[in-house]
1. Of everything in region D:1-29 that's more than 7 Å from chain C (Cβ to nearest Cβ) and over 22 Å from D:Arg250 (Cα atoms), which residue is modelled with the lowest pLDDT?
2. Just to be sure, is B:Gly114 in contact with a Ser or Thr (Cβ under 6 Å, 6 or more places away or on another chain) and more than 26 Å from B:Thr59 (Cβ to Cβ)?
3. Can you name every residue in region A:139-154 that is touching a residue at least 40 places away in the same chain (Cβ under 8 Å) and away from every other protein chain (no Cβ under 14 Å)?
4. Just the residues that are open to solvent by less than 10 Å² (accessible area, probe 1.4 Å) and in contact with a strand residue (DSSP E or B) (Cβ under 8 Å, 6 or more places away or on another chain), please, taken from region D:222-231.
5. For region B:252-298, how many residues are polar (S, T, N, Q) and assigned to a loop (DSSP other than H, G, I, E, B)?
6. Can A:Ala219 be described as open to solvent by 10 Å² or more (accessible area, probe 1.4 Å) and away from every other protein chain (no Cβ under 14 Å)?
7. So, in region C:117-138, of the ones that are surrounded by 19 or more Cβ atoms within 10 Å (Cβ to Cβ) and among the small types (Gly, Ala, Ser), which residue ends up nearest to the other protein chains (Cβ to nearest Cβ)?
Protein chains: 4
Amino acid sequence: MFFASDNAGPVHPAVMEALNEANSGFAASYGADALTVDVRTRLRNIFEAPDAAVYLVATGTAANSLALATLGQPWQTIFCAPLAHIEEDECNAPEFYTGGAKLTLVGDSDKMTGQTLLDTLTALQVRDVHRAQAGPVSITQVTECGTLYTLDEIRAITDQARMSGLPVHLDGARFSNALVALGCTAAEMSWKSGIDVVSFGGTKNGLMGAEAVIFFDPAHAWEFELRRKRGAHLFSKHRYLSAQMAAYLRNDLWLETASAANASCARLAAGLRAANIQLDFEPQANMIFCSIPRVLAQRLQLRGATFSVMQGSIDTGPPDALLPIRLVCDWSITHDQIDQFLEIVSS
Amino acid sequence: MFFASDNAGPVHPAVMEALNEANSGFAASYGADALTVDVRTRLRNIFEAPDAAVYLVATGTAANSLALATLGQPWQTIFCAPLAHIEEDECNAPEFYTGGAKLTLVGDSDKMTGQTLLDTLTALQVRDVHRAQAGPVSITQVTECGTLYTLDEIRAITDQARMSGLPVHLDGARFSNALVALGCTAAEMSWKSGIDVVSFGGTKNGLMGAEAVIFFDPAHAWEFELRRKRGAHLFSKHRYLSAQMAAYLRNDLWLETASAANASCARLAAGLRAANIQLDFEPQANMIFCSIPRVLAQRLQLRGATFSVMQGSIDTGPPDALLPIRLVCDWSITHDQIDQFLEIVSS
Amino acid sequence: MFFASDNAGPVHPAVMEALNEANSGFAASYGADALTVDVRTRLRNIFEAPDAAVYLVATGTAANSLALATLGQPWQTIFCAPLAHIEEDECNAPEFYTGGAKLTLVGDSDKMTGQTLLDTLTALQVRDVHRAQAGPVSITQVTECGTLYTLDEIRAITDQARMSGLPVHLDGARFSNALVALGCTAAEMSWKSGIDVVSFGGTKNGLMGAEAVIFFDPAHAWEFELRRKRGAHLFSKHRYLSAQMAAYLRNDLWLETASAANASCARLAAGLRAANIQLDFEPQANMIFCSIPRVLAQRLQLRGATFSVMQGSIDTGPPDALLPIRLVCDWSITHDQIDQFLEIVSS
Amino acid sequence: MFFASDNAGPVHPAVMEALNEANSGFAASYGADALTVDVRTRLRNIFEAPDAAVYLVATGTAANSLALATLGQPWQTIFCAPLAHIEEDECNAPEFYTGGAKLTLVGDSDKMTGQTLLDTLTALQVRDVHRAQAGPVSITQVTECGTLYTLDEIRAITDQARMSGLPVHLDGARFSNALVALGCTAAEMSWKSGIDVVSFGGTKNGLMGAEAVIFFDPAHAWEFELRRKRGAHLFSKHRYLSAQMAAYLRNDLWLETASAANASCARLAAGLRAANIQLDFEPQANMIFCSIPRVLAQRLQLRGATFSVMQGSIDTGPPDALLPIRLVCDWSITHDQIDQFLEIVSS
């Protein structure tokens, strides 16, 4: 009953198989191998973007930071939601990679809107030399609260950004989970909605450690390559990043694992609702934020369930007090494990 | 006949096996897994350094840059040999990670000496506020020219550094190859010789992408962890870095692969000498720098050999002119491949 | 009737006189001159801090950025009020000088409190490696809204910071105006209230361009000197910075000019109140934020008054709509000019 | 007898007079004042560059660092001579402002040539992603050894740079001294010789602290303004920078002071030659590098002369051993002082 994170599960067997297959003889290093060419082609096809510049790195923070540094300037501010991963969970990596850009928080929670972005830009008001200049906008899909931007919501934001001349980055650590939830195409959820650059996650959805960065306008390609190398994120044995990503894209594995994770989450959410557990956000992909009595949290933990407590202590406090927790469904979680969890909740 | 680099070879089967074995169920992320504990213990034992702070990253450039940034300050200069990897092959990653430190080149080729370090420090002379301040010393073992520092040579450098209050970093991308060549212990080649921090390479010796950074004084441990995270080099599915390194250290695999590479290199060097090929550096580990007639280089290439041309063009120029080339022996190169290469040389 | 800023007024005649006097013969450069020694002694005496490290720079942004960079680390976040100069008016200079630290906004306007600081620190909650680490706290006295922290309010903040192990910086661009308003000593408003470092402003109070940075704990002195030089803020003809500051401190000129500015502001505020103008903040030093009908703003401008419009346009909109404006009293503004301004307001 | 530096002399009386004149009433801050407009026009006229972007800062290091950061990228290397001020005397300011660019040393002393630049570029050879990329070229005129580049020598370097697509910066801390020595125009010594950006010094030639940065192509103007502000080098009371520079340019004062300094230097050099003192570089502007017996150095010091000892100790060593010293002639040094110095030398 492991619900602590989707970065603690195993690599999908098909991906391990691909790594084993790739492991024969010599292959040109630093991305000059055939598998990397294959991955680039596959991603361009999937995104219907034949000119896109496509790169692989091993961590989501690297994907985000390098993408934002390439899009922006050190004297700018990046616009993101207050709970964005780049604000909360990357230990100033975006500030480091951009050379000291600022992050300005838009809205008050998991999502920004076209309107809150406009309000924030308006409040910045004077664009003189004294202030941080307006820079890239970054949104997260699936958000850090397990919710989704609809295509219309994305479009409202990118329209606003476009009017202000700002590029838009999409942190897609859970891109696949969002895609299957929305039932749209990768192109629709990205460049057709006005997105300029996507961090296309794989690690949280069955890979060992591989993320793609996709620039729909290849103008910054060489700069990105230099930034990746300078950031020490260019892998020498690059074929092993590519082998993962190739397996991920082959036979729609990326959609299959994401669908599994989302379905598990839906089952878990239904069960929690049936047990009258309060959901703090509408779970739209593979994460649930809910509040449960401390005593229940303790019982779950005692019985072997693993999950994150978002605020307060599981050990100290009134037994009946509600404790906000996060439950993440990895692609590999089983229905048995979910049902076992729900049984404890209901008992 | 692939002699272009030791970062283009396959992962050792025992390492792939370990990855497959590690791939089951959930494991705590970000290094809180059992394999990581195991690796830390193994490295402390091997280095006879029970207090050492031990970390894993995926690239050698990350290991070097993060180590040097932790040892030094942005207003300092790092002392290294002119052909050092950190100077020549990391696209300003050390400058980036240190926040703008300088690199001062010591000596004129692959190695510095205690004397050339002293000369350089003396030339800096006035240590007032106007100049870059003296910072970490970094040496590479095996050097970028395939040569070795003896323990006495290392000691002469670290003694000099100690007298100036400077910490010493060892870039050990090919640490294992050096160790088996020198026939000493890891402790002798590091802290017993005055080294403060080691980048302990694995990728060039049979791993997929895993390097350890070992601080013999753990005082900077937490700073390193923050720098690693901020640099986007903290892996979420950390067990897969650890599984590689654990397999590497188990049953002396790291020494076995290094010995194989060195032995291949010795065989190749002997053959080249027998063919009267001029060796530009004494090959002491798994790399050979030699100069061959252009026409021979062309013939080798035509017959399928792969290697790096260090200067000039293989295609254009007088057929008899000597072309400096580099031949690197991966652990996986076979004696047959070497003999085949030598046959072409001699024919 | 110039109320746009206190950085547009003339240099006080006594300061110009001191510059003229200093302008004879040779003087050791880079701060090794006698005037600099004199300034250091004077500031240590004024602050009752015989061990303090004292430095001069030419701009307030340099003073703030260099001080914060010396106090903190790149992976930390600096706590400040949303309207702080370091957040709003320095074009990412703090982010640049710290090497990419973040700024976290505390409270919702001009001031933080011990409580809002505690709330913010609590919300950061988990201090693991993924988040920006808690770093220096920075408060501004006089605030950017013309208000003051009482000594008790400062103490509540520094107590809270001390409990979390965080150093506290005071941006004292208008330190003198605050001091005469509070009627306390420099020591009381700084280290006796728990402040670690002060940016002691001079430029906005009659100098040409000179600010002191005062570290009450001299441990970071040498680091600051290196940061100042590396930031290109070490003046070669340093005597001309020192001559300004020496004249400022001699005969209590710094208190005299600040008192004049504050008295002018009080006169202006009283007149505005008498004319039923709404004051948006309580003017406690030399700045007034008030809202006046657009038509009045236009009339003032037409008659030659200069001031900042904080939001909206002076030219476009309903004549009766209230326009928020800022009125700053330089030390050199005359009562005649104020009365003339008030006459227009009342007419 | 002060020959230690030209940054220790007084401000020229005409410049002080201009500062006093400027000190009346209010003036728009941050460079929006009339004097700044005047300075911009004057410099454009002098340089015959009506479109040039012209900015003022207070230190030469700021001028150089901001100019180079604007011209280059963090992943590039800047080419300069080994004794360049940006390499030796700015405590990593160029590395800081560029965000971590490298400096590559060209030639072996005070000057590079077209040929040594070509050799260095050729040695960099492979321009792949692993190496620092070729960036701006920076030359110093007058060099740090008191020598000059002829216009032909400058042209040879800029031609070479142009062929490699690299911009060229001229560190003109002593631009005026070079100009009067060469007897050419400012345009000839800059853009007509292929220079892209000039740091136009004033501080070492009679100003208090004011340097201009001149971009002949104004494309980077706004970026420079943002970098200057972010670097905390935008003066609020900007008129006092402009007043200095305006007085400097008025009535050819800049040429007058430079001529005086050069003439003093020629007189000193002639006297030293007559006394058979060995000159280590040909003194072409206002600086002399020569070697004198230690006992003479001691006698000069004892009699009140001030100068820099370039290597070794004035106090310890054989009395007859030659000590390399530097003698700099400030514009304000008198012929009496020079003759007095020479008298001691000859006695």
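The values are calculated or read from the model by the stated rules, or taken from the named source; none is laboratory data. Here the structure is a predicted model, which means the values were calculated and not measured. Positions of Cβ are backbone-derived with ideal geometry, glycine not excepted, and every protein chain shown enters the neighbour counts. Note: accessible area is taken over every heavy atom of the protein model, side chains too, but ligands, DNA and RNA are not part of it. Shrake-Rupley method; radii C 1.70, N 1.55, O 1.52, S 1.80 Å.
1. D:Met1
2. no
3. Hits for region A:139-154 are A:Ile139, A:Thr140, A:Gln141, A:Val142, A:Thr143, A:Cys145, A:Gly146, A:Thr147, A:Leu148, A:Leu151, A:Glu153, A:Ile154.
4. D:Phe224, D:Leu226 - these are the residues of region D:222-231 that are open to solvent by less than 10 Å² (accessible area, probe 1.4 Å) and in contact with a strand residue (DSSP E or B) (Cβ under 8 Å, 6 or more places away or on another chain).
5. Selection size over region B:252-298: 3.
6. Answer is yes for this residue.
7. C:Ala132
Let's see how each residue does on (1) within 20 Å of C:Val142 (Cβ to Cβ); (2) more than 8 Å from every other protein chain (Cβ to nearest Cβ); (3) touching a helix residue (DSSP H, G or I) at 6+ places or on another chain (Cβ under 7 Å):
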{"site": "C:Ser65", "(1), (2), (3)": "yes, no, yes"}
{"site": "C:Thr70", "(1), (2), (3)": "no, yes, yes"}
{"site": "C:Phe79", "(1), (2), (3)": "yes, yes, yes"}
{"site": "C:Pro82", "(1), (2), (3)": "yes, yes, no"}
